[in-house]
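Notes for the one structure printed next.
The values are calculated or read from the model by the stated rules, or taken from the named source; none is laboratory data. Being a predicted model, the structure only gives us computed values, none of them experimental. All Cβ positions, even for glycine, are placed from backbone atoms using ideal geometry, and neighbour counts span all protein chains on display.
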Amino acid sequence: MSIFDTVTYVEDATSIDPTFLRAHNIETLLIDADNTLLAPKESLSSPRLKKWVAYLKKEGFGLYLISNNTSRRIDAVCEDLGVEGLSFAHKPLIYKIRGFLETRNIDPARCAFLGDQLFTDMIAARRLKMFAIMVAPISENDYFYTRWIRRFERFVLRQGGKK
């Protein structure tokens, strides 16, 4: 089975609703920040994004940001959205994410991971045996260290029949 067979694709993170999550037995949504929810270096979320986060929380879903970015950046985004998060997650490695989940008694089998990168977010999700949701990147601008991998990612996704 290919990773492409186990990833759901969406154009926009906010298109994910409680009905979709419940249909897949998801209780907790782990979300990447950069280029999934916000453009890189963008510090404040939009009213639309805040409304979406508040709606999912009101519906009983746990939401957590999981990012390879710095604690300074992720703490600010978490505060803006009213959620907890994990910075320096080292995706696609899973030891920090697994520890984060264990300390909160979160079952990975009832989680979905929402992210924009195949080689970090989606691979981490699949290694943790989570439902994986790949979103189109919000911006074409990336951090310098992400740009080169995007080219390879686009090639791999085309080979797998996606985008």
Conditions (1) closer than 16 Å to ALA13 by Cα; (2) part of a helix (DSSP H, G or I); (3) modelled with pLDDT under 90; (4) among the hydrophobic types (A, V, I, L, M, F, W, C); number of the one not met by TRP148: (1)
Give the residues of the range 92-105 that are surrounded by 16 or more Cβ atoms within 10 Å (Cβ to Cβ) and closer than 18 Å to THR28 by Cα, sorted by residue number. ILE94, LYS96, ILE97, PHE100, LEU101
Taking the stated definitions as given, is TYR64 at pLDDT 95 or above, surrounded by 13 or more Cβ atoms within 10 Å (Cβ to Cβ) and either at positive phi or under 13 Å from the mean Cα position of the chain (by Cα) (or both)? yes
For GLU79, only one of the following conditions fails: (1) without any contact (Cβ under 8 Å) to a residue 60 or more places away in the chain; (2) under 13 Å from the mean Cα position of the chain (by Cα). What is its number? (2)
Here is a list: GLU84, GLU153, GLU59. Which entry is modelled with pLDDT of 95 or more, touching a Phe, Trp or Tyr at 6+ places or on another chain (Cβ under 8 Å) and either surrounded by 14 or more Cβ atoms within 10 Å (Cβ to Cβ) or closer than 23 Å to PHE20 by Cβ (or both)? GLU84
Condition first: out of contact with any strand residue (DSSP E or B) (no Cβ under 6 Å at 6 or more places or on another chain) and either among the charged types (D, E, K, R) or part of a loop (DSSP other than H, G, I, E, B) (or both). Now tell me which residues in the range 77-86 satisfy that. GLU79, ASP80, GLY82
Output for the range 87-118, where each listed residue is closer than 11 Å to ILE66 by Cβ, basic (Lys, Arg) and not in a helix (DSSP H, G or I): LYS91
Among the residues of the range 25-69, what is the count of those that are part of a strand (DSSP E or B), hydrophobic (A, V, I, L, M, F, W, C) and within 22 Å of PRO108 (Cα to Cα)? 6
Evaluate the following for MET122: is it more than 27 Å from GLU42 (Cα to Cα), touching a Phe, Trp or Tyr at 6+ places or on another chain (Cβ under 9 Å) and either buried (at least 22 other Cβ atoms within 10 Å of the Cβ) or modelled with pLDDT under 85 (or both)? no
